[in-house]
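Here the structure comes first, spelled out in structure tokens, and everything after it is commentary.
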Amino acid sequence: MAKSKFEYVRGFEADDALLPNCWIVVRLDGRNFHRFAEQHEFKKPNDDRALHLMTKCAQTVMQELEDIAIAYGQSDEYSFVFKKKSKWFKRRASKFMTHVVSQFASSYVFYWKDYFKDQQLLYPPGFDGRIVLYPSDQNLKDYLSWRQADCHINNLYNTVFWMLVQRSGLTPVQAQDRLQGTLAGDKNEILFSEFNINYNNEPLMYRKGTVLIWQKVNEVITKKIKLPKETEEKEVEVTRTRTKVVPLHCDIIGDQFWEEYPEILAEDS
Ligand SMILES: Nc1nc2c(ncn2[C@@H]2O[C@H](COP(=O)(O)OP(=O)(O)OP(=O)(O)O)[C@@H](O)[C@H]2O)c(=O)[nH]1
Ligand SMILES: [Mg+2]
Ligand SMILES: [Mg+2]
């Protein structure tokens, strides 16, 4: 086919193919969610509606896009891990990042009303995205451990901070001063002795964040079938196996998780 004289401009497009044989991580994060949370009256420090909406959007991303092996989310962020061997869009970085972020952002708006029943969405939220490549399984596990450790550190801090403000009547500045230089043990002690809270009994979703993995589940459905010698349709129950995205709130820093789900890191990934 004849080419137009303008065709040469294609040559200006940068080649952004991602290195082969590496885990591809796309992490997105809510833009200025400090303000977004204030404006939409998120419960402090954790708002179940917001956390569940984030997870719904991440499930949608995993179901709609290809080759995502596992995802991890906390606060206003989610990380998506694409299989090492993925050939999706010839591994073009821009395709991975823009599809993940746009699918997530549109889902956030689309599903908002299902989670925030009587809280109107006041303005369109935005999300940023980045891609990081991890060449070894250990690097990938360490990446996910880093995000989960971050979740734990922030949540412990925020839990004590908001207790001091909401229950003890400290100003945010006073609460900040009180926590300056404290270690995890000190924060646990404040929670226990002053507020009778055992941090280990706080909800797992707040302490561990959310892991999304693929799992085979058996579904029982009723089907209408017509038997050859009968005139009327009959309802029968059939069991079929489906692969679904399932949320877990478990530790992913230790070995146990990876031993329990070896298929996530399997070689054909
Ligand atoms: N109250 C409340 N706030 C939340 C919750 N989840 C996230 N946030 C807010 O979202 C912020 C997320 O932090 P960051 O992503 O570091 O900061 P950001 O304000 O989004 O700014 P950028 O990401 O740099 O654009 C937190 O500091 C909280 O203010 C929640 O469940 N409840
Ligand atoms: Mg943010
Ligand atoms: Mg964040």
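Projected onto their three principal axes, the Cα atoms of segment 212-269 cover extents of 59, 26, 13 Å, largest first. Of all lysines in the structure, the ones whose alpha carbon falls short of 20 Å from that of LYS56, not counting any fewer than 8 places away in one chain, are LYS43, LYS113, LYS117, LYS208, LYS216, LYS244. The Cα trace of segment 89-234 gives Rg and Dmax of 24.0, 81 Å, the first to one decimal, the second as a whole number. Placing unit charges on the Cβ atoms of the charged side chains and taking the dipole of segment 86-225 about its Cα centre, the candidate lying farthest along the positive direction among ILE225, GLN215, TYR115 is ILE225.
Rg/Rh for segment 1-130 to two decimals, with Rh computed the Kirkwood way over all alpha-carbon pairs. Mind showing how you got there, number by number?
Details: Rg = 17.8 Å, Rh = 16.4 Å.
My calculation of the ratio gives 1.09.
Extension gain, GLN63 to ARG167, is 33.2 nm, computed as 0.36 nm per intervening residue step minus the present C-alpha separation. For segment 138-194, the calculated P(r) over all alpha carbon pairs, in 5 Å bins from 0 to the bin holding the longest distance, is 4, 18, 25, 20, 11, 9, 7, 4, 1 percent. From least to most packed, judged by other beta carbons within 10 angstrom and beginning with the fewest, CYS57, CYS22, CYS151 follow the order CYS22, CYS151, CYS57. Helix 184-195 and the long axis of the chain differ in direction by around 70°, with both axes built from C-alpha atoms. A DSSP coil position with no more than 10 other Cβ atoms inside 10 Å describes the following trypsin sites (Lys or Arg not before Pro) in segment 110-171: LYS117. From the square roots a ≥ b ≥ c of the eigenvalues of the alpha-carbon gyration tensor of segment 102-179, which class results: rounded (a/c under 1.5), prolate (a/b over b/c), or oblate? Note, shape of segment 102-179 comes out oblate.
List TRP112, TRP88, TRP23 from most exposed to least, where exposure is judged by having the fewest other Cβ atoms within 10 Å. Display every interim value, and only then the final one.
Working: TRP112 19, TRP88 16, TRP23 23.
With the sparsest Cβ surroundings first, the list reads TRP88, TRP112, TRP23.
Helix 137-166 axis versus longest C-alpha principal axis of the chain: approximately 40°, rounded to the nearest ten. Highest mean first, the peptides 181-189, 37-45, 7-15 sorted by other C-beta atoms within 10 Å per residue fall in the order 37-45, 181-189, 7-15.
Treating each Cα of segment 148-229 as an identical point scatterer and ignoring solvent, apply the Debye formula and state log10 I(q)/I(0) at q = 0.24 Å⁻¹. Each listed q corresponds, in turn, to -1.20. The trypsin sites (Lys or Arg not before Pro) of segment 194-238 that DSSP puts in a loop, and whose beta carbon has at most 12 other beta carbons within 10 Å, are LYS229. For q values of 0.14 Å⁻¹, compute log₁₀ I(q)/I(0) with the Debye formula on a Cα-only model of segment 1-61, without solvent. Each listed q maps to, in turn, -0.70.
Give me the number: length gained by fully extending GLN215 to THR231, i.e. 0.36 nm times residue separation minus the C-alpha to C-alpha distance, one decimal in nm.
Numbers: separation 16, 0.36 × 16 = 5.76 nm, distance 3.93 nm.
Contour length minus the Cα-Cα distance gives 1.8 nm.
Here the convex hull built on the C-alpha positions of segment 85-137 has a volume of 114 cubic angstrom per residue.
Give me LYS90, LYS5 sorted ascending by neighbouring Cβ count inside 10 Å, so fewest comes first.
Working: LYS90 10, LYS5 6.
With the sparsest Cβ surroundings first, the list reads LYS5, LYS90.
Quick check on segment 35-112: take the gyration tensor over C-alpha atoms, sort the square-rooted eigenvalues as a ≥ b ≥ c, and tell me if it's rounded (a/c under 1.5), prolate or oblate.
Working: a/c = 2.64, a/b = 2.23, b/c = 1.19.
In terms of gyration-tensor shape, prolate.
Ranking ALA175, ALA14, ALA266 by Cα position along the charge dipole of the chain, where only Lys, Arg, Asp and Glu carry charges on their C-beta atoms, puts ALA14 farthest toward the positive end.
Taking all C-alpha pairs of the chain, those more than 29 Å from each other amount to 47 percent.
We did not get these values from a lab; they are worked out from the coordinates using the rules stated. Worth saying up front: this structure is predicted, and the values here are computed from it rather than measured. FYI the Cβ positions are ideal-geometry reconstructions off the backbone, even for glycines, and counts take in every protein chain you see.
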